[in-house]
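The values are calculated or read from the model by the stated rules, or taken from the named source; none is laboratory data. If you're wondering where the values come from, they're calculated on a predicted model, not measured in any experiment. Quick reminder, even Gly has a Cβ in these numbers, built from the backbone with ideal geometry, and neighbours come from all protein chains shown. Ligands, DNA and RNA are excluded from the accessible area calculation, which covers all protein heavy atoms including side chains. Shrake-Rupley method; radii C 1.70, N 1.55, O 1.52, S 1.80 Å.
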Amino acid sequence: MITNMLRGTAAFCLALTSLTLPSPTATATRVPAPEVLPLEDAVGRLPVAEEDRTGYTRDSFQYWNTGLDAADGCNTRDEVLLTEAVQEPTVTAGCKLSGGKWGSYYDGVEVGGADKLAIDHMVPLAEAWESGAGAWDARRREAYANDQGAAASLVAVTARTLRSKADQDPAAWVPPLPEAHCRYTGEWTATKLRWGLAADQSEAEALKVYAEACETTIVHYNPAP
């Protein structure tokens, strides 16, 4: 996404290196090229539709599964924390994390200790449901809720900013740090495009306003598998 692309880049490179050369009769596997475009153009690609939360429960999404490595004892939350740490924590049996430091870009706060952090779904589960995920099967919703294939899908932030955000879209909430607004709206838009999610009218209008103010912001995304 806009910055801190380690998880997305690593996943993309893994996808490339995992390909094998096709036999003369086989069809080569094609890896979608990443999309790179200005925020204004990216916002213009979002389909606009009314949202419907009918039937949503948080349990509709199986979040914090065994993560990218089922054998390491770390779940998705732990793996995100390990990836985003600016000072590595100590990891003991059962993937218990102690020490370490993280930067919460929503509010510019440096956090010491994994227990003081929350992992934010860039586009909250409820928002995803009403924007299109309500029509997905359980397997795809689990993939969404544990998405480490893009750096911005899951973000380590202070617990208080996550409580403040809740399930609101950018028409109602953006990070308290003004310097974070362009990155945030870019990563929000990229996540919706990655997963083929729509925006409602007020959300789309708010994103257009931010796009005008964030004219140098570039959006990177790969469509989710």
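For beta carbons closer than 9 Å, sequence separation of 6+ or different chains, a first residue in the range 67-89 that is on the phi > 0 side of the Ramachandran plot and a second that is among the hydrophobic types (A, V, I, L, M, F, W, C) and open to solvent by less than 20 Å² (accessible area, probe 1.4 Å), the qualifying pairs are Gly67/Cys74; Gly67/Val80; Gly73/Cys95.
Kindly indicate the residue of the range 33-63 that is closer than 19 Å to Thr216 by Cα and of a type in the set (Asp, Glu) and also least open to solvent (accessible area, probe 1.4 Å) among those meeting that condition. Here the answer is Glu35.
Table: residues versus (1) touching a strand residue (DSSP E or B) at 6+ places or on another chain (Cβ under 7 Å); (2) under 22 Å from Arg141 (Cα atoms).
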residue	(1), (2)
Val174	no, no
Ala180	no, no
Arg183	no, no
Lys192	yes, yes
Ala198	yes, yes
Gln201	yes, no
Ala204	yes, no
Ala211	no, no
Thr216	no, no
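Just give me the residues in the range 194-203 being open to solvent by 10 Å² or more (accessible area, probe 1.4 Å) and touching a Leu at 6+ places or on another chain (Cβ under 8 Å), in sequence order. Working first, answer last.
Initial filter on the range 194-203 (open to solvent by 10 Å² or more (accessible area, probe 1.4 Å)): 194-196, 198, 200-202.
Of everything in the range 194-203, just one residue is open to solvent by 10 Å² or more (accessible area, probe 1.4 Å) and touching a Leu at 6+ places or on another chain (Cβ under 8 Å), namely Ala198.
Among the residues of the range 121-159, those identified as of a type in the set (D, E, K, R) and touching a residue at least 24 places away in the same chain (Cβ under 8 Å) are Glu127, Glu130, Arg141, Glu142, Asp147.
For the structure I just gave you, tell me whether Lys208 is open to solvent by less than 10 Å² (accessible area, probe 1.4 Å) and basic (Lys, Arg).
no
Has the range 174-184 got any residue that is surrounded by 20 or more Cβ atoms within 10 Å (Cβ to Cβ), at pLDDT 95 or above, within 17 Å of the chain's Cα centre (by Cα) and in a loop (DSSP other than H, G, I, E, B)? Yes, the conditions are met somewhere in the range 174-184.
Checked against (1) modelled with pLDDT under 95; (2) out of contact with any Leu (no Cβ under 6 Å at 6 or more places or on another chain); (3) open to solvent by 60 Å² or more (accessible area, probe 1.4 Å); (4) not aromatic (Phe, Trp, Tyr), Thr29 passes all but a single condition, namely (2).
Quick grid of which residues meet (1) over 23 Å from His121 (Cα atoms); (2) modelled with pLDDT of 90 or more; (3) hydrophobic (A, V, I, L, M, F, W, C):
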residue	(1), (2), (3)
Leu19	yes, no, yes
Pro34	no, no, no
Pro38	no, yes, no
Thr57	no, yes, no
Pro89	no, yes, no
Thr92	yes, yes, no
Cys95	no, yes, yes
